[in-house]
Amino acid sequence: MTVLSAHDSYLINLASPDPGLRQRSLDSFRSELARCEALGLAYLVSHPGNFIDDRASGIARNAEAIGVALDAVPGDTMVLMETTAGSGTAIGASFEEMQDLIELVPANLRHRVGVCVDTAHIFAAGYDIAADYDAVMRRLDDAIGLERLRMMHLNDSKAPLGSRRDRHELIGEGAIGEGAFRRIMNDPRLAAVAKVIETPKIEVDVTDRMMLERLRSYLE
């Protein structure tokens, strides 16, 4: 199965309390979503943003902006909110927080919102997929629902568990290790979930090909 997706600009911050920055972010996000619709892309991956002042207010601002953009750009492209490592004032480091954000999106538009789980990010946020994969998946399902999980960014982590530091490493060569990726590649619940690598580019074509071959070798 082939899935086409895009990632929005890292400069977008829909949770910003600054009216000018938030409006520019919303304009940019709406344009990104419109491009995805025009190109027939299934998903637009987006970081939840930084609340700066108050977490609950930032989540509410983010959800409101997502609703405005989806309402302005009808169609089939889904917005996938990406889990974060949780550094600073970043939103989305916990599954429960991500669910809070989704639940604040207007009900009639919520079917166009899903989640992208980055393995390096959730590990840095404290989810130990290396030692307790099953517990992490249960918590994800309980908080958000696996039906909302539409994409995974498969990255090992240079940073240790719970460090809140976003540092990607080659698959099987970081703090997460090979075992969790073997579980992911053989988990039938994740068979239809799109998977993307964002691992370090030592030699772009060579390294990416090596990572893809390594992931395929885990299939049983």
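Would it be correct to say that Thr89 is farther than 16 Å from Arg112 by Cα and among the β-branched types (Val, Ile, Thr)? The answer is yes for Thr89.
Being crowded, with 24+ Cβ neighbours inside 10 Å, within 18 Å of the chain's Cα centre (by Cα) and part of a helix (DSSP H, G or I) is a description that does not apply to Ile59. Can you tell me which of Gly67, Gly86 is farther than 18 Å from Ala194 by Cβ, in contact (Cβ under 8 Å) with a residue 60 or more places away in the chain and out of contact with any helix residue (DSSP H, G or I) (no Cβ under 6 Å at 6 or more places or on another chain)? Unique residue meeting the criteria: Gly86.
One residue stands out in region 179-213 among those that are under 16 Å from His168 (Cα atoms) and of a type in the set (Lys, Arg): the one that is surrounded by the most Cβ atoms within 10 Å (Cβ to Cβ), namely Lys195. Looking across region 126-163, the residues that are closer than 17 Å to Ala85 by Cα and among the acidic types (Asp, Glu) come down to Asp128, Asp156. Collect the residues in region 91-130 that are in contact with a Phe, Trp or Tyr (Cβ under 8 Å, 6 or more places away or on another chain) and over 28 Å from Glu178 (Cβ atoms), keeping them in residue-number order. Result: Ile91, single match.
Let's see how each residue does on (1) assigned to a helix (DSSP H, G or I); (2) within 23 Å of Ala6 (Cα to Cα):
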{"residue": "Asp166", "(1), (2)": "no, yes"}
{"residue": "Gly172", "(1), (2)": "no, no"}
{"residue": "Ala180", "(1), (2)": "yes, no"}
{"residue": "Arg183", "(1), (2)": "yes, no"}
{"residue": "Val196", "(1), (2)": "no, yes"}
{"residue": "Lys201", "(1), (2)": "no, yes"}
{"residue": "Thr207", "(1), (2)": "yes, yes"}
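Taking the numbered list (1) more than 16 Å from Gly126 (Cβ to Cβ); (2) of a type outside the set (Phe, Trp, Tyr); (3) touching a Ser or Thr at 6+ places or on another chain (Cβ under 8 Å); (4) in a helix (DSSP H, G or I) in turn, Met152 passes all entries but (4). Reported count of residues in region 71-95, each being surrounded by 19 or more Cβ atoms within 10 Å (Cβ to Cβ) and either touching a Pro at 6+ places or on another chain (Cβ under 8 Å) or assigned to a loop (DSSP other than H, G, I, E, B) (or both), is 12. For Asp205, state whether it is at pLDDT 95 or above, more than 18 Å from the chain's Cα centre (by Cα) and among the acidic types (Asp, Glu). Criteria not met by Asp205.
Is it true that some residue in region 1-11 is closer than 30 Å to Asp156 by Cα, at pLDDT 95 or above and among the β-branched types (Val, Ile, Thr)? So far as region 1-11 goes, no, none of its residues is closer than 30 Å to Asp156 by Cα, at pLDDT 95 or above and among the β-branched types (Val, Ile, Thr). Among the residues of region 125-151, the one identified as under 19 Å from Ile171 (Cα atoms) and in contact with a strand residue (DSSP E or B) (Cβ under 6 Å, 6 or more places away or on another chain) is Met151. Is it the case that some residue within region 15-38 is within 16 Å of Leu104 (Cα to Cα), touching a strand residue (DSSP E or B) at 6+ places or on another chain (Cβ under 9 Å) and either aliphatic (A, V, I, L, M) or free of Cβ contacts under 8 Å to residues at least 12 places away in the same chain (or both)? The answer is yes, given that some residue of region 15-38 is within 16 Å of Leu104 (Cα to Cα), touching a strand residue (DSSP E or B) at 6+ places or on another chain (Cβ under 9 Å) and either aliphatic (A, V, I, L, M) or free of Cβ contacts under 8 Å to residues at least 12 places away in the same chain (or both). When region 110-141 is filtered for residues that are free of Cβ contacts under 8 Å to residues at least 40 places away in the same chain and in a helix (DSSP H, G or I), the ones remaining, listed by number, are Arg110, His111, Ile122, Asp134, Ala135, Val136, Arg138, Asp141.
Beta carbons closer than 7 Å, at least 6 apart along the sequence or on distinct chains, pair a first residue in region 153-165 that is hydrophobic (A, V, I, L, M, F, W, C) with a second that is assigned to a loop (DSSP other than H, G, I, E, B) for Leu154/Ile171; Ala159/Arg165; Ala159/Arg167; Ala159/Ala175; Leu161/Gly126; Leu161/Asp128; Leu161/Ala175.
The values are calculated or read from the model by the stated rules, or taken from the named source; none is laboratory data. Note that the structure is a prediction, hence the values are computed from the model and not measured. Backbone-built Cβ (ideal geometry, glycine too); neighbour counts: all protein chains shown.
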